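The values are calculated or read from the model by the stated rules, or taken from the named source; none is laboratory data. What you see is a predicted model, and the numbers here were worked out from it, not measured in a lab. Methodologically, a virtual Cβ is constructed for each residue, glycine included, from the backbone with ideal geometry; neighbour enumeration extends over all protein chains shown.
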Amino acid sequence: MNVAGPPRHGQWTTGLCECFEDPGNCLLTSCFPCVTFGLSAEVIDKGNTSCPCAGFVFCCMAYMGCVCLYSCTYRSKLRRLFDLPEEPCNDCCVHYWCTVCAICQEYRELKARGLSPSTGWTENEEQMNRATQVPPNVAPGMAR
């Protein structure tokens, strides 16, 4: 886990298979992936999708055997938010082969960036807006 300063854009803070970095999340996700996915999806989607709605759709898609087609879209959104690389392979493959690990990693990534998926979008809105803001481009002062 990246403990030397704040996380940088363009880098994942933990690896895909480092699920035991957060044992509680690992256990919850192993037993109820729809819950962890819903919590993360609500924050990643900036409240446009609620946790229960995302979790329900996740369960339905899992029942039909094509959950990776839905869950990978949120990994892509998370990567765009923090300019993260598409690794170890494309998002759909990561979610197809390692769904639980991917969901755990995405949850840990939000936490490492100062967000708390377990509290929902409303509690994280200010932090998320601050994290995605680009500082204004200020023209240099006049030289004498």
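When C89 is tested against the conditions (1) assigned to a helix (DSSP H, G or I); (2) closer than 23 Å to E21 by Cβ; (3) hydrophobic (A, V, I, L, M, F, W, C), the lone failure is (1). Yes or no: L115 assigned to a helix (DSSP H, G or I), closer than 19 Å to Q11 by Cα and modelled with pLDDT under 95? It is false that L115 is assigned to a helix (DSSP H, G or I), closer than 19 Å to Q11 by Cα and modelled with pLDDT under 95. Scanning region 87-99 for residues that are of a type outside the set (V, I, T) and at pLDDT 90 or above returns N90, D91, C92, C93, H95, Y96, W97, C98. Do we have T36 as in contact with a Leu (Cβ under 9 Å, 6 or more places away or on another chain) and of a type in the set (S, T, N, Q) here? When the stated conditions are applied, T36 passes them. Step by step: first the residues of region 126-139, then only those that are aliphatic (A, V, I, L, M) and within 15 Å of the chain's Cα centre (by Cα), then the one that is modelled with the lowest pLDDT. Which residue is that? Per the stated criteria, the residue is A131. Scanning region 45-85 for residues being farther than 24 Å from G15 by Cβ and surrounded by 19 or more Cβ atoms within 10 Å (Cβ to Cβ) gives a total of 3.
Taking the listed residues E109, E123, the one that is charged (D, E, K, R), part of a helix (DSSP H, G or I), within 18 Å of N25 (Cβ to Cβ) and modelled with pLDDT of 90 or more is E109, with no other qualifying. Looking only at residues in region 8-44 that are part of a helix (DSSP H, G or I) and aromatic (F, W, Y), which one is surrounded by the fewest Cβ atoms within 10 Å (Cβ to Cβ)? Within region 8-44, the match that is surrounded by the fewest Cβ atoms within 10 Å (Cβ to Cβ) is F20.
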